[in-house]
Amino acid sequence: MAEQEAAAGSGTGGSSEGSTGSSGSGWRRPHGPLQRYYGPSAAEAAPDPADINGPHFDPEVFLNKVRSECPLGQLLAREAALGREIRALDSDMQTLLYENYNKFISATDTIRKMKVDFRRMEAEMDDLAANMAAISASSARVSAALQDRHRRGAQLAGVQALLRKLQSLVEVPGRLRRWAAPGAEPARALRCYARARAVLRHYRHLPSFRAIEDESHAIMAELARRLRARLREDTLDPKELTECVEMLLQLEEPPEELCEEFLGHAGARLEAELAALEAELPTGDPSGSAATPPPASDILDFVDRGSSAFVGNLCLLAASYRSLFEGRPGAGAGRLETFAATLTARYFELLERRLALERGLGDTSLLVRALDRFHRRLRALLELLPAAGAEAGAALVARAARERVDRYLRALQTFFLGCLGDVRQALAAPRPPGKEGPGLPDLLATLASSVLGQLKAVLAYVQLFTARDVAFASLPYFKDSGPAVTPGPALCAEARGAAQRLLDHYVQVQGAAVAQMLRKSVETRDWLGTVEPRNVRAVMKRVVEDITAIDVQVGQLFEEGVRRAQSSDSSRRAFSVYSSSRAPGRYAPSYTPSAPMDTHLLSNIQKLFSERIDIFSPVEFNKVSVLTGIIKISLKTLLECVRLRTLGRFGLQQVQVDGHYLQLYLWRFAADERVVQGLLDEVAASAAHRCLDPVPMEHSVVELICERG
């Protein structure tokens, strides 16, 4: 009891300390492992004797501080609060004391009961150890007594097992005869023979075992003969063929012979399937002649039957061949790949012939589905036979796609030519007086709309070849092309180049037409014997009329364009047989037969300082550029024709009149009036050089003739 009271007292003291620490404002004393590890904080370094909760508390110092700092009312309130805290602490200490006392009593009772239970358990363990020792001794005596009997029993069991094996060997011929009979279970006979064969061979030096082996071998030889005969039957399906060859291999027949027979039988079956596909192809020229009848079925149905029959059986053949002859001498994979490559090449040839019959230009989805199905089955075949024609199959798909795209291109070209023919017919069709036909802008809009609609339709068909769900779209031929077949910028550049070539050709054709009139007018005239000019030649008026008509037509399709700043007197410019930089009066005396070199020298000096004119420069897409190109070609032709002629005085004056007339009307069509001026100056200078009596006409007379003409 003294110990219990001491324990209770110690527990009470600890609890009261804790209660004191937890009373008041709830502040806890900073003691514990963390304080011991980190040491006292900076605030604890200086002890405070007035801290009622601190370890250095001094009551006298605290009372003196409170009396000096607090008024009477606060002192009374503090006293009442301390009284309440003291009573609360007393109550907590009593409660802890009672609780600790009850816990100590319960612990004492528990320890007393445990001492009694452990004494009983020790007695039971001793009894158990004694019983186990007795059991071990009895077991040793029984084992010693039965050891001899166990040895004899093991020997008898071994003899019994050996007798069973001997009995099984004796029964082998009977079982083989029963299971190897026609229509029985040859596979079961083979398993039985495989189990007994090693033992019979090992003990064949014994007469009894040799007789069993000979009889069994004769039975299996007869089975092999029947299997050989069955192997030559035409009605044997691929599964039965594989089973027959597998059983012959188990009978240790030569793999080389079986390989040849296996490939021969399978090849005959595959050849028959190819022949059936070939029978569906129409005879005659496959290029599309009228005598060639249409195919009996569509391309998808043809590919389906070819894939399910030929390709499926070829895959089954390859898998069976590898499982049967893999690793056997004389039956390597090279023979199979050569065999398969020959058949697949023929299948590709038949499929290409069938693809050549697809001459329609409608929906391409059926063709794409057929090619996709062919390529998927071909990939399954190539996993078994990598060298069976992967490149040939991919090339076949690419050729089919390319051929279809080429047909679409030819169809687009034909359609475009038809649209151009319609435009030409609409322009050339006769119309009643007072009724105008469709203008060039309307015809151009109709042409562009029709061609664009046809292009969109063809592009939709072509894009089916590069769809994501199409297996052959992963081939390099299609992958490099991308979703648009050709990139947009490249198409735009090609279209712009074609438009540029077309516009250049138009300028050359129109310029050649005008130039032809000028050339004939120069070549058919007698420039030495001509009379004094009184009017402008009719061909010059026709040239101005044609260029004016071209200006109206081109203006309906193209914008005006940028013109170079014109001089204020372009239409009234004085045209002379001399260069524009020389005054006629100043150099007129030099144009005499006695001084031809001076005139030629002055002309050459003028050419050095004149701007070079490129006759066949690229034409821009505007009206003034087109008209400038036509005018340059026309005037350049006139210049070259004049250089080849010898002129008299009146011939030179006629050239002067014609040139001034052209100057009056052509400068307004060109982008730069100096181009027209420069070419006409060269025409006049060349005429003066080729003139025997170079006396020009007065400028006022030239103007009068041109205004009157």
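Just a few scattered comments:
- Of all residues in region 363-412, those satisfying the criterion of being modelled with pLDDT under 85, more than 25 Å from the chain's Cα centre (by Cα) and open to solvent by 40 Å² or more (accessible area, probe 1.4 Å) are Leu384, Ala387.
- Test: residue in region 498-508 that is assigned to a helix (DSSP H, G or I) and of a type in the set (S, T, N, Q): yes
- Filtered residue count, region 680-697, keeping only those that are of a type outside the set (D, E, K, R), assigned to a helix (DSSP H, G or I) and open to solvent by 20 Å² or more (accessible area, probe 1.4 Å): 1
- Of Arg177, Arg188, all but one fail to be more than 30 Å from Glu260 (Cβ to Cβ) and either under 58 Å from the mean Cα position of the chain (by Cα) or of a type outside the set (A, V, I, L, M, F, W, C) (or both); the exception is Arg177.
- Check on Leu644, open to solvent by less than 20 Å² (accessible area, probe 1.4 Å) and not β-branched (Val, Ile, Thr): no
- Every residue from region 159-193 that is modelled with pLDDT under 75, buried (at least 16 other Cβ atoms within 10 Å of the Cβ) and over 21 Å from Ser208 (Cβ atoms): Trp179, Ala180
- Close contacts from region 253-280, counting a first residue that is within 30 Å of Phe302 (Cβ to Cβ) and a second that is of a type in the set (S, T, N, Q) and open to solvent by 20 Å² or more (accessible area, probe 1.4 Å), with Cβ to Cβ under 7 Å and a gap of 6+ residues or different chains, come to Arg269/Asn313; Leu270/Asn313; Glu273/Asn313; Glu280/Ser297.
- If you check Leu528, Leu502 for being in contact (Cβ under 8 Å) with a residue 12 or more places away in the chain and either on the phi > 0 side of the Ramachandran plot or hydrophobic (A, V, I, L, M, F, W, C) (or both), only one passes: Leu528.
- Entirely in region 365-462, the helices (runs of 4 or more DSSP H) that have 3 or more residues that are under 26 Å from Ala318 (Cβ atoms): 365-384, 390-428
- Region 486-522, residues that are open to solvent by 80 Å² or more (accessible area, probe 1.4 Å) and charged (D, E, K, R): Glu494, Arg496, Arg501, Lys520
- Looking at Ala50, Ala81, just one residue is more than 60 Å from the chain's Cα centre (by Cα) and not in a helix (DSSP H, G or I), and that residue is Ala50.
- Region 221-269: number of residues that are surrounded by fewer than 13 Cβ atoms within 10 Å (Cβ to Cβ) and not in a helix (DSSP H, G or I): 6
- Residue in region 211-229 that is modelled with pLDDT under 75, under 30 Å from Cys315 (Cβ atoms) and under 59 Å from the mean Cα position of the chain (by Cα) present: no
- When we screen Gln663, Gln677 for residues that are in contact with a helix residue (DSSP H, G or I) (Cβ under 8 Å, 6 or more places away or on another chain), open to solvent by less than 10 Å² (accessible area, probe 1.4 Å) and more than 20 Å from Thr530 (Cβ to Cβ), the only hit is Gln663.
- Among the residues of region 347-392, those that are among the basic types (Lys, Arg) and in contact with a helix residue (DSSP H, G or I) (Cβ under 6 Å, 6 or more places away or on another chain) comprise Arg354, Arg369, Arg373, Arg376, Arg377.
- Residue check for Arg563: surrounded by fewer than 18 Cβ atoms within 10 Å (Cβ to Cβ), in a helix (DSSP H, G or I) and of a type in the set (Lys, Arg): no
- Test for Arg67: is it assigned to a helix (DSSP H, G or I), open to solvent by 70 Å² or more (accessible area, probe 1.4 Å), under 29 Å from Ala46 (Cα atoms) and touching a residue at least 12 places away in the same chain (Cβ under 8 Å): no
- Set Phe325, Phe310: member being surrounded by 15 or more Cβ atoms within 10 Å (Cβ to Cβ), within 31 Å of the chain's Cα centre (by Cα) and in contact (Cβ under 8 Å) with a residue 12 or more places away in the chain: Phe310
The values are calculated or read from the model by the stated rules, or taken from the named source; none is laboratory data. In this text, all values refer to a predicted model and were calculated from it rather than measured experimentally. Counting neighbours? That spans all protein chains shown, and the Cβs are built from the backbone with ideal geometry, glycine included. Side chains included, ligands, DNA and RNA excluded: accessible areas come from the protein's heavy atoms. Shrake-Rupley method; radii C 1.70, N 1.55, O 1.52, S 1.80 Å.
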